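J.: Just dropping this structure here.
The values are calculated or read from the model by the stated rules, or taken from the named source; none is laboratory data. Everything numeric here is computed off the predicted structure, so don't read it as measured data. Cβ coordinates were reconstructed from backbone atoms using ideal geometry, including for glycine residues, and neighbour counts include every protein chain displayed. Accessible surface is based on the protein model in full, side chains and every heavy atom, while ligands, DNA and RNA are left aside. Shrake-Rupley method; radii C 1.70, N 1.55, O 1.52, S 1.80 Å.
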Amino acid sequence: MKIASMRAIDRYAGVFLCWVVGLPVYLTSSGRQEPLPLEPKRILVIKFFGLGSIVLATPALSALRERYPEAHIEFLSFEGNKELLERYPVVDAVHIVRTSSAGKFLRDTWSVVRTLRKRKFDVVFDFEFFSKYSTLMSTLTGSRHRVGFSLPTRWRALHLTQQVPIRKDEHVAYSFSRQIALLRGAHALPGIVAPRTDRADAFSLAAKLPLNGRPVIAVNVNAGETFIERRWPGERFASLLASMAEEVPHDFYFIGLAHERERIDRVIAQSGIQRRCYNVAGMLSLGELCEFFRRCDLLISNDSGPVHLAAAIGLRTVALFGPETPSFYGPLSTVAVTVAKSIPCSPCMNVYAAKTFRCPYDAACMKAITTDDVKLAVEGILQKA
């Protein structure tokens, strides 16, 4: 299923189901005001959308593991995040719902609910901001303690036993951490954690991409399907790389998903430096992408998941922001810089609107970023040791 279809179902059917399930739970719950358990044995974390969001949730997961080293921490997510989650030792088990078809989604939902109810979780943390589906799944686990972000809606309040406000004046990693703080108490925010890789990932990368010995800059001209307005114009990327090619010895490797190859090919053709550009979109597993990042000198990317993956690995990064603000969703890294323009309508991405807003100004915030703006950021970060 496409993300747009999933969100439409979540928006319309989800509200109805949240009321149907939530109202009797709310009326019959006897543990709503009880404090969270002091020593939980089983903890479930839910996050369905966003590779980058999961990376940014790793400080909260680390804080959980640090405080409760013997607890069993499990994670519920969509199939696309399975490989990422299985590469985090802090997660003891991963429960997956497939979304490739409506039938698989419904079958997996039924199966996962049955499994989760048997696990008897002491507490459930819902890291989604607006999802009715995650709210329902939290309640259907049967856990007496369900923590999530508060919304100005009654349907979510029926389900949550503890609520944490979303604050746009702090980074999202702190919002995740404040949920955890209800259980373990206030704590310093640990650093983000890179996914675990091994020699097999390095060997398979070498087999797929026999790099020619030249230094490498990774480029991501896409931004996923969630909010395509986050994409900097392709012709700007092409102009940037053509200008950089005259001054740096690097080759440019374009990353992305398989269905994004066509847009990448257009950018490469526009750049006029095809011999130094390589389209590897759809070719790399997550582990191979991590190993590839370790061989790069820099990533230039729109606001998207690879930005946070690169930040976790320690790759120097220039990230372009517009609809979202870097103060809320920027990379947590001392070797990453963000480029954004302050215009009256930006940021416009709103968790309360399920990120479904569509820009009436043709992504003016991204078009306001000039090639010189990005080139200046690239030159500055490449000079860092």
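J.: Can you spot a residue in segment 336-346 that is assigned to a loop (DSSP other than H, G, I, E, B), surrounded by 18 or more Cβ atoms within 10 Å (Cβ to Cβ) and modelled with pLDDT under 80?
T.: Looking through segment 336-346, at least one residue is assigned to a loop (DSSP other than H, G, I, E, B), surrounded by 18 or more Cβ atoms within 10 Å (Cβ to Cβ) and modelled with pLDDT under 80.
J.: Turning to a different aspect of this structure: Of the numbered conditions (1) touching a strand residue (DSSP E or B) at 6+ places or on another chain (Cβ under 8 Å); (2) under 18 Å from Val45 (Cβ atoms), Phe105 fails exactly one; give the number of that condition.
T.: Condition not satisfied by Phe105: (2).
J.: Next up: Hey, among the residues in segment 91-113 that are at pLDDT 95 or above, among the hydrophobic types (A, V, I, L, M, F, W, C) and open to solvent by less than 70 Å² (accessible area, probe 1.4 Å), which one's farthest from the chain's Cα centre (by Cα)?
T.: The qualifying residue farthest from the chain's Cα centre (by Cα) is Val113.
J.: Of the conditions (1) over 29 Å from Gly314 (Cβ atoms); (2) buried (at least 19 other Cβ atoms within 10 Å of the Cβ), Pro24 fails just one. Which one is it?
T.: (2)
J.: Just give me the residues in segment 72-113 being assigned to a loop (DSSP other than H, G, I, E, B) and not polar (S, T, N, Q), in sequence order.
T.: Here is the first cut: in segment 72-113, the ones assigned to a loop (DSSP other than H, G, I, E, B) are 87-92, 98-101.
Within segment 72-113, Arg87, Tyr88, Pro89, Val90, Val91, Asp92, Arg98 qualify.
J.: Sticking with this one: For segment 174-188, which positions are within 13 Å of Gln163 (Cβ to Cβ) and open to solvent by less than 20 Å² (accessible area, probe 1.4 Å)?
T.: If the condition is that a residue be within 13 Å of Gln163 (Cβ to Cβ) and open to solvent by less than 20 Å² (accessible area, probe 1.4 Å), then Ser175, Gln179 are the ones that fit.
J.: As an exercise: evaluate Gly50 against (1) among the small types (Gly, Ala, Ser); (2) in contact with a Gly (Cβ under 7 Å, 6 or more places away or on another chain); (3) more than 24 Å from Arg156 (Cα to Cα) and give the number of the one condition it does not meet.
T.: (3)
J.: Now for a separate question. Taking only pairs six or more apart or across chains, which ones have beta-carbon atoms under 9 Å, a first residue in segment 176-195 that is polar (S, T, N, Q), and a second residue that is open to solvent by less than 30 Å² (accessible area, probe 1.4 Å) and in a loop (DSSP other than H, G, I, E, B)?
T.: Pairs found: Gln179/Phe127.
J.: Right, something else. Regarding Thr317, is this residue over 16 Å from the mean Cα position of the chain (by Cα) and at pLDDT below 95?
T.: Considered against the rule, which asks whether it is over 16 Å from the mean Cα position of the chain (by Cα) and at pLDDT below 95, Thr317 comes out as no.
J.: Determine, yes or no, whether Ser101 is out of contact with any Gly (no Cβ under 9 Å at 6 or more places or on another chain), in contact (Cβ under 8 Å) with a residue 24 or more places away in the chain, more than 20 Å from Ser175 (Cα to Cα) and hydroxyl-bearing (Ser, Thr, Tyr).
T.: Considered against the rule, which asks whether it is out of contact with any Gly (no Cβ under 9 Å at 6 or more places or on another chain), in contact (Cβ under 8 Å) with a residue 24 or more places away in the chain, more than 20 Å from Ser175 (Cα to Cα) and hydroxyl-bearing (Ser, Thr, Tyr), Ser101 comes out as yes.
J.: Right, here's the next one. Can you go through Ala202, Ala223, Ala173 and tell me which one is over 30 Å from Ala368 (Cβ atoms) and in contact (Cβ under 8 Å) with a residue 24 or more places away in the chain?
T.: After ruling out the rest, the residue left standing is Ala202.
J.: Which numbered condition in (1) touching a residue at least 24 places away in the same chain (Cβ under 8 Å); (2) open to solvent by 10 Å² or more (accessible area, probe 1.4 Å) is the only one that Ile73 fails?
T.: (2)
J.: Tell me the residue from Arg7, Arg65 that is open to solvent by 10 Å² or more (accessible area, probe 1.4 Å), assigned to a helix (DSSP H, G or I), within 21 Å of Arg107 (Cα to Cα) and not aliphatic (A, V, I, L, M), please.
T.: Details: Arg65 fails: within 21 Å of Arg107 (Cα to Cα).
Arg7 is the lone residue from the list that is open to solvent by 10 Å² or more (accessible area, probe 1.4 Å), assigned to a helix (DSSP H, G or I), within 21 Å of Arg107 (Cα to Cα) and not aliphatic (A, V, I, L, M).
J.: Restricting the search to segment 144-159, which residues are in contact with a strand residue (DSSP E or B) (Cβ under 9 Å, 6 or more places away or on another chain), open to solvent by 10 Å² or more (accessible area, probe 1.4 Å) and among the hydrophobic types (A, V, I, L, M, F, W, C)?
T.: Leu151, Ala157
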